[in-house]
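Working notes for the structure below.
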């Protein structure tokens, strides 16, 4: 439940383990609750994390202790003794379910396997298709 259209304007957050979530905006003038259908659109942000309710530029670059850093699911996947490699994105995953989740796409986004990958040669995170090994990627000009 939000009292304003900012990531920090949370009045109440339920602790229910459910797959579906209802976001409400409280109007203190009319004393009425409005349903927020699209949180990112209502807050005019590119990405709002469902786990920690923080705003960020991208789901792929967001660092959150309440989501899995490998498959980006919430809650985070548990670690196992052996990590499972993926030959397509050159990353390793915590367990079989984590590996499966990173291959799945939703209606709103492409699979994590396509969006978050590492270079097979140098092992660095590759933000786009124009990667050259041993050259740094500039976050300002978006070039190597």
If you go through segment 133-143 one residue at a time, do you hit one that is surrounded by 11 or more Cβ atoms within 10 Å (Cβ to Cβ), at pLDDT 75 or above and within 30 Å of residue 75 (Cβ to Cβ)? no
Pairs, first at positive phi and outside any strand (DSSP E or B) in segment 125-142, second at pLDDT 75 or above and surrounded by 10 or more Cβ atoms within 10 Å (Cβ to Cβ), C-beta under 7 Å, six or more apart: 134/122
List, please: which pairs have Cβ atoms under 9 Å, are six or more places apart or on different chains, and start with a residue in segment 110-121 that is at positive phi and end with one that is surrounded by fewer than 18 Cβ atoms within 10 Å (Cβ to Cβ)? none
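The values are calculated or read from the model by the stated rules, or taken from the named source; none is laboratory data. These numbers come from a predicted model, not from an experiment. Cβ coordinates were reconstructed from backbone atoms using ideal geometry, including for glycine residues, and neighbour counts include every protein chain displayed.
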